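Student: Handing you this structure, nothing more for now.
FYI, it's all coordinate maths here, none of it is from the lab. Fair warning: this is a prediction, and the values are worked out from it, not measured in the lab. FYI the Cβ positions are ideal-geometry reconstructions off the backbone, even for glycines, and counts take in every protein chain you see.
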Amino acid sequence: SDSDRDLVLRRIVELGDKKHTVVPEDLPMIIADVLKTPAELLLRVEAWRVSVARGEQPYAEVTLAHAGRTAKAEATGDGGYDAFMRAVAKAVRAFGLELPRLEDFRVRIPPGGRTEALVETLITWRLPGEGEGTFSTLGVDSDQMAAAVIATEKMLNAVAARAPRRKGAK
């Protein structure tokens, strides 16, 4: 549709603004990412920082925004994404949300082996409670960590959409 095409073109321009060259092999990942993005973000990852260095424990800071409020948290972890998710878990407590468990984490770069290639991160999540099942989120970016953050933000929005509204919440 025209609106879907406009979303894809907007994403290509965003990547170009970040000095990433989009090649034809990138288009399927961009299209899949854009079309699986919720129209309205209920919960946004406003800011994040992950530090990983040899000889130091990975560290992450995150700021989340939801329902007119923000929550900030920091954490360490076994790796950069683990530290990020630990910080997210702390921050979402302020919103009364329960995170699903990470079930599977896959990273793919299109054929060609370019170091500047787009990265596609597909994460499968298991919902809390018996019989709740799994769902997957997809993130695409020229940076591997950013692709994982995009996929995680989509998970957070799925969780926020399923959460019962608290009294007084908009």
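Student: Full extension from Arg49 to Ile12: what is 0.36 nm times the residue separation minus their Cα-Cα distance, to one decimal in nm? Write out the running numbers ahead of the final one.
Tutor: Details: separation 37, 0.36 × 37 = 13.32 nm, distance 2.38 nm.
Difference between extended and current length: 10.9 nm.
Student: So for the pair Gln57, Arg5, with labels modelled 7 Å out along Cα→Cβ, what separation do we get in nm?
Tutor: 5.3 nm
Student: Sticking with this one: Once label points are set 7 Å from the Cα along Cα→Cβ at both Arg162 and Phe105, what is their separation, rounded to one decimal in nm?
Tutor: Spacing of the two 7 Å Cα→Cβ label points: 2.0 nm.
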